[in-house]
Amino acid sequence: MMKRQKKNDVPLKGKINIRFVFVTVIAILITTILTTIVFYQLFKNEIMRDLKAYTNVLKSTGIFSEESEISDVHLDNDDLRITLISADGDVLYDNVVPVSVMTNHWNRPEIEDAFTKGEGYAVRLSETINRSTFYYAVLMEDGCVLRVSKESDSIWSVLLSGVPYLLGIMFLLTLLAVMLSHYLTKSIVKPIEQMASDMDHLDDIPSYKEMRPFIDTIRKQHEDILQNAQVRQEFTANVSHELKTPLTSISGYSELIENGMAADGDIRRFASEIHRNSNRLLTLINDIIRLSELDVMEDAPAMEKVDLYEIAQTAVDMLAVNAEKHEVTINLKGTSGYVMANRVMMEEIVYNLTDNAIRYNNRNGRVYLTVCEKEGKVLLAVRDTGIGIPEEHREQIFQRFYRVDKSRSKSTGGTGLGLAIVKHIAAQHGAEISIESEVGKGTEITVTFEAYKD
Ligand code: ADP
């Protein structure tokens, strides 16, 4: 079978691959950022704790108290910077930068906090983005603030230092994701591919619960297609057969006349046979055309408000001669019954049912047509006092070309398609057909429509 690929068909594998990789990368990024933030917080706390300890040690030494001579203090420390700030914010001492070049420090947050709350912390980025300076300041008894600060890696440098590892992990995990998604899609797609290659055994293939409705629809469609093909094939065979019989007669009789083999007295009889068979052909072809019209009709037929009683009246008038010929009387009873329907189709239903009731009746038989409205439904009932339909045939008489008694049907001009047309039209109108019959007593066929609502 040829593989069809539409332009907008997305390959499932590719799609799952991309999603997988995408999710992996996002997960790795989020994890890295969150972990860095948490670790950096711990790292910061650790530095602050150290700074606080240094500061308190320095404070307790008393070197920076009022009595000592500050300018004499020499603290050589590469790592720590120590600053003493007076109550008005002026820098009194700094172990790194000369006091003379230093500006007022009042506005520094950690110093402000120390003056107001007793101690203060701050972290500020250094000139280079890679480094941060951590500050701790404490208020001393004499009103000055002692501040100790230390430079260390900033969060950015911590983050950046992790980048090579990050890339490595990302690469490995992406590879893993691609491999996983490959096997995953393969196993996901396997039952689907199996189903596509073997439509006849859809139920035997292990599949997903979620796909059940999908499988059921496909199976139903598959069965419908097979059934339709079969019905169509049977119909074609039946049509050919039905057309062949009258044509063979016509051909035979005309050949006899052509060859001069018909006696003068026979010619008239042969001509009438030819005439009868041609009429039969015409009725057959008309019914076949009508059925195929109904079959191919895609849109709903043009609907209007139709009074079934009025239609029944017309049918009775049209069939009066026919009824007389069969020595059958027709009775019409009931009241107006309005339905939303196609007028021509309603005429066909009533005509076909009444015609059958006349043709499958006995001499001096009766046909009762009733139209009535009941509980929001309009009922059309056609009852006869005729030959009845044996139980075992009742389901099938609506099938195309199905007849209980073939010779009786043919001799009365039947095609075996009348009830098939009735069934088709009823279905198109959402109407239901019910049938009651007793052999030798008669038949009643009722079609129930939804009543017309304003
Ligand atoms: P037909 O053209 O042969 O009448 P239909 O489709 O109208 O075809 O009916 C199918 C068959 O159903 C008929 O051949 C006949 O045997 C049976 N049938 C239909 N209507 C009646 C009826 N009112 N009474 C008895 N048999 C009927």
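The values are calculated or read from the model by the stated rules, or taken from the named source; none is laboratory data. Note that the coordinates shown come from a computational prediction; the quantities given were computed from them, not determined experimentally. So basically every Cβ, Gly included, is an ideal-geometry build from the backbone, and we count neighbours across all protein chains shown.
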Report summary line: Of the residues in region 87-99, those that are under 25 Å from Ser132 (Cα atoms) and either part of a loop (DSSP other than H, G, I, E, B) or modelled with pLDDT under 85 (or both) number 7
Report summary line: Lys305 fails exactly one of (1) more than 30 Å from Thr245 (Cα to Cα); (2) in contact with a helix residue (DSSP H, G or I) (Cβ under 9 Å, 6 or more places away or on another chain); (3) touching a residue at least 60 places away in the same chain (Cβ under 8 Å); (4) not in a loop (DSSP other than H, G, I, E, B), namely (2)
Query raised in the report: Is there a residue in region 166-179 that is free of Cβ contacts under 8 Å to residues at least 24 places away in the same chain and not aliphatic (A, V, I, L, M)?
Result: yes
Query - Close pairs from region 125-140: first over 26 Å from Lys59 (Cα atoms), partner of a type in the set (Lys, Arg), Cβ under 8 Å, at least 6 apart - result: Leu125/Arg131
Query raised in the report: Got a number for residues in region 309-357 being acidic (Asp, Glu), touching a residue at least 40 places away in the same chain (Cβ under 8 Å) and closer than 25 Å to Lys441 by Cα?
Result: 1
Requested in this report: Taking Ile250 as the residue in question, decide whether it is without any contact (Cβ under 8 Å) to a residue 24 or more places away in the chain and either in the same structural domain as Val371 (by TED's automatic domain parsing) or not in a loop (DSSP other than H, G, I, E, B) (or both).
Outcome: no
**Report entry** Some residue of region 337-352 being hydroxyl-bearing (Ser, Thr, Tyr), within 23 Å of Met303 (Cα to Cα), in the same structural domain as Gly416 (by TED's automatic domain parsing) and within 13 Å of the ligand (Cβ to nearest atom)
**Finding:** yes
**Report entry** Sole exception among (1) over 17 Å from Leu291 (Cβ atoms); (2) more than 8 Å from the ligand (Cβ to nearest atom); (3) without any contact (Cβ under 8 Å) to a residue 40 or more places away in the chain for Val404, by number
**Finding:** (2)
Query raised in the report: Among Asp295, Asp299, which is farther than 16 Å from Asn352 by Cβ, within 38 Å of the chain's Cα centre (by Cα) and part of a helix (DSSP H, G or I)?
Result: Asp295
Query raised in the report: Taking region 407-429 on its own, how many of its residues are in a helix (DSSP H, G or I), within 18 Å of Leu294 (Cα to Cα) and either aliphatic (A, V, I, L, M) or more than 40 Å from the chain's Cα centre (by Cα) (or both)?
Result: 7
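Going residue by residue through region 326-336, is there one that turns out to be among the small types (Gly, Ala, Ser), in the same structural domain as Leu379 (by TED's automatic domain parsing) and under 24 Å from Leu353 (Cα atoms)? Explain how you work it out, then say what you get.
Within region 326-336, the subset among the small types (Gly, Ala, Ser) is 334, 336.
Then keep just the ones that are in the same structural domain as Leu379 (by TED's automatic domain parsing); that gives 334, 336.
Now drop any that are not under 24 Å from Leu353 (Cα atoms), which leaves 334, 336.
Scanning region 326-336 turns up at least one residue that is among the small types (Gly, Ala, Ser), in the same structural domain as Leu379 (by TED's automatic domain parsing) and under 24 Å from Leu353 (Cα atoms).
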